[in-house]
Amino acid sequence: MTTTTATLTPTRTTLASWLRAFALNLRWEWTGARQWAGLMVVIQFMMGVGMAIMYGFIYPEITPSTAMYIATGIPTLALIPMGFVMIPGGVGEQRLSGSFDFVWSLPVPRSAQICAMFALYTLLSMPGMVLALVVAAWRFSVPLEVSWLLVPAVLLAALMAVAVGAGMAFAITHPMVTNLISNALIFVVLLFTPIVYPASNLPGWLQTTHEVLPFAHMATVIRAGLTEGVVTDVGTSFLVLGAWALAGTAVTGVVAHRRG
């Protein structure tokens, strides 16, 4: 009797196959997101503009400096819900419906799945942010001096929010816990983060804390792209945001790899 042994050769991922997997996953993610994409823009717009109006009521007198801080901080407030609320909520809904397990069981590169999700949600965060900025600048009559720095600043800030939100959603398997953390983060950001006011308004220990957290740095890099001479050194803020984005991506990648 002759025994034949079959040798299985692992399928090699080429650039073309990776790009095809990326495109297919992007299409899948959009299919799930398009039903609420318009609502997300409305929520971002309402949160950004709503906070601009609210802070206008809080200050007894709005000086030009105060108006500038509020208007240029609104884009950051509009970006945060996408990464820290909508993505964890969306992943939680997928876990409950069973589609989460289905997607991550597909025989495609995990990196293509992750990049597709990050790319889509980063792009979806843009319209609401832009609308909120335009209305806030009009509301407070703030002249914006837009520079080339705004493009990498907005992209990195949005990507960081998406990456950290996804990492949190992937690492925490219980949707209720993820939802509680997301709501707590929004509370902290709105009340105790120097986004629409200078960090010098906070106690020293809280200023030090925000040197490590990403939220104030988001406002710093975006403000640097919208003003001239207000923010003089953004290198540290870019590094902090980059570190948080890499950390969120790494957590997402590790969890996805373990599932594979």
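Is it true that Val91 is within 17 Å of the chain's Cα centre (by Cα) and more than 25 Å from Ala171 (Cβ to Cβ)?
no
Can you tell which of Tyr59, Tyr69 is more than 28 Å from Val177 (Cβ to Cβ) and without any contact (Cβ under 8 Å) to a residue 40 or more places away in the chain?
Being more than 28 Å from Val177 (Cβ to Cβ) and without any contact (Cβ under 8 Å) to a residue 40 or more places away in the chain holds for just one of Tyr59, Tyr69, which is Tyr59.
Quick check on this structure: which one of Ile80, Ile70, Ile62, Ile74 is outside any helix (DSSP H, G or I), modelled with pLDDT of 80 or more and over 30 Å from Leu15 (Cα atoms)?
Numbers: Ile80 fails: outside any helix (DSSP H, G or I); Ile70 fails: outside any helix (DSSP H, G or I); Ile74 fails: outside any helix (DSSP H, G or I).
Only one candidate qualifies: Ile62.
Could you please tell me which pairs satisfy a Cβ distance under 7 Å, a separation of 6+ or placement on different chains, a first residue in region 213-240 that is more than 16 Å from Met129 (Cβ to Cβ), and a second residue that is among the charged types (D, E, K, R)?
Here the result reads Thr227/Glu145; Glu228/Glu145; Val230/Arg223; Val231/Arg223, each pair linking region 213-240 to a residue that is among the charged types (D, E, K, R).
Given the residues Leu185, Leu159, Leu190, which is the only one that is at pLDDT below 85 and assigned to a helix (DSSP H, G or I)? Let's see the steps before the verdict.
Working: Leu185 fails: at pLDDT below 85; Leu159 fails: at pLDDT below 85.
From the options Leu185, Leu159, Leu190, the qualifying one is Leu190.
Being farther than 11 Å from Tyr121 by Cα and of a type outside the set (A, V, I, L, M) is the filter here, so list the residues in region 154-168 that pass it.
Gly167
Checking the condition surrounded by fewer than 16 Cβ atoms within 10 Å (Cβ to Cβ), farther than 15 Å from Phe118 by Cα and within 15 Å of the chain's Cα centre (by Cα), which residue from Ala216, Ala247, Ala243 passes?
Matching residue, one of Ala216, Ala247, Ala243: Ala243.
The values are calculated or read from the model by the stated rules, or taken from the named source; none is laboratory data. The shown structure was predicted, so the numbers you read here are calculated from the model rather than taken from an experiment. Here the Cβ is made from the backbone with ideal geometry for all residues, glycine too, and neighbour counts use every protein chain on show.
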